[in-house]
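Reviewing the structure listed below.
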Amino acid sequence: MNSFDKLPFEFYNRKVTSVAKSLLGKTFVRKNCNEILCGKIVEVEAYDGKSDEASHSYNGATKRNQVMFGKAGHLYVYFTYGMHFCANVVTGKENYGAAILIRAIEPLGGIDILSQNRFGKKNISGKELLNLCSGPAKICQAFQITRGSNGANLCGDDIFILDSPSVSNNKIISTARIGIKKSIDLPWRYYIKDNPYVSKK
DNA sequence: CCACGGATTGGCT
DNA sequence: GCCAATCCGTGGA
């Protein structure tokens, strides 16, 4: 696999924590209305189908979470807190129910449009740039990912992830996940050390 | 800097 | 009816 090729199905069809760590540094891309929006994935969280009470899939498939039980390499988008969307990458075997929440992205391309979507203006300050995609719902707002993207195939042409140089293990920080109340002991949040675009130290 | 609470829909018990 | 894999503004130290 060459750098900057689209990540194939086999990349996603592995254990969720392995995929989560190897997603760091990869390039998330959205093609939309002839515009290309992209950025580097700098923070993720793994949610496992088994023995992870915090996972949406823990209690089995429902109408809402069915994409998590589908094939790996698809996007699971959910709506929460009455106003936010969050995007996840489905991993592992079909019917298993694992996914990775994309928590932070370092903006690289289409920054004017990302800014317009998030802040309603093109010219933003350095502080606003750091705040552009530093959170799962911020990413969805900037990249305009809503329920219409739920179930999107990441091996397709709309939303996909490009292979990019891997992040070495000594640059990957592992911590407890954020904003959950169950299984808070699992250290399945991963982010790139010293990257200023992560949501929280 | 930190802590807290409000916004606001929909999924599931 | 309860409360959520969040974000933002406010108010105090």
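Every read-out reported here was derived from the displayed coordinates using simple, explicitly stated rules and does not represent laboratory data. Worth saying up front: this structure is predicted, and the values here are computed from it rather than measured. We place every Cβ from the backbone using ideal geometry, glycine too, and count neighbours over all the protein chains shown.
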Quiz prompt | Surrounding net charge for A:I173, when Lys and Arg each add one and Asp and Glu each subtract one, Cβ distance under 10 Å | solution = +2
Quiz item: Among A:I36, A:I161, what is the fewest-to-most ranking by other Cβ atoms within 10 Å?
Solution: A:I36, A:I161
Quiz item: What value, in deg cm²/dmol to 500, does the helix sum -39500 (n - 2.57) over DSSP H runs of n ≥ 4 give at 222 nm once divided by the residues of chain A?
Solution: -4000 deg cm²/dmol
Quiz item: Over the range A:25-67, what is the mean sequence separation of C-alpha contacts under 8 Å (at least six apart), divided by residue count, expressed as relative contact order in percent?
Solution: 23
Quiz item: Of A:K15/A:K200; A:K31/A:K138; A:K26/A:K71; A:K21/A:K200; A:K127/A:K200; A:K93/A:K138, which pairs sit farther than 22 Å apart, going by alpha carbon to alpha carbon?
Solution: A:K15/A:K200; A:K93/A:K138
Exercise. Just add up the charged neighbours of A:I145: K/R +1, D/E -1, any other residue whose Cβ is under 13 Å from the Cβ of A:I145.
Key: +4
Self-check item: FRET efficiency for A:L108 and A:M1, using Cβ-Cβ distance with R0 set to 22 Å, rounded to 0.05
Solution: 0.65
Exercise. Neighbouring Cβ atoms within 10 Å as the yardstick, rank A:F4, A:F79 fewest first.
Key: A:F4, A:F79
Quiz item: Once both labels are modelled 7 Å past Cα along the beta-carbon direction, what's the A:K181-A:K122 spacing in nm?
Solution: 4.5
Self-check item: Exposure proxy ranking, count of Cβ atoms within 10 Å, fewest first, for A:L24, A:L37, A:L129
Solution: A:L129, A:L24, A:L37
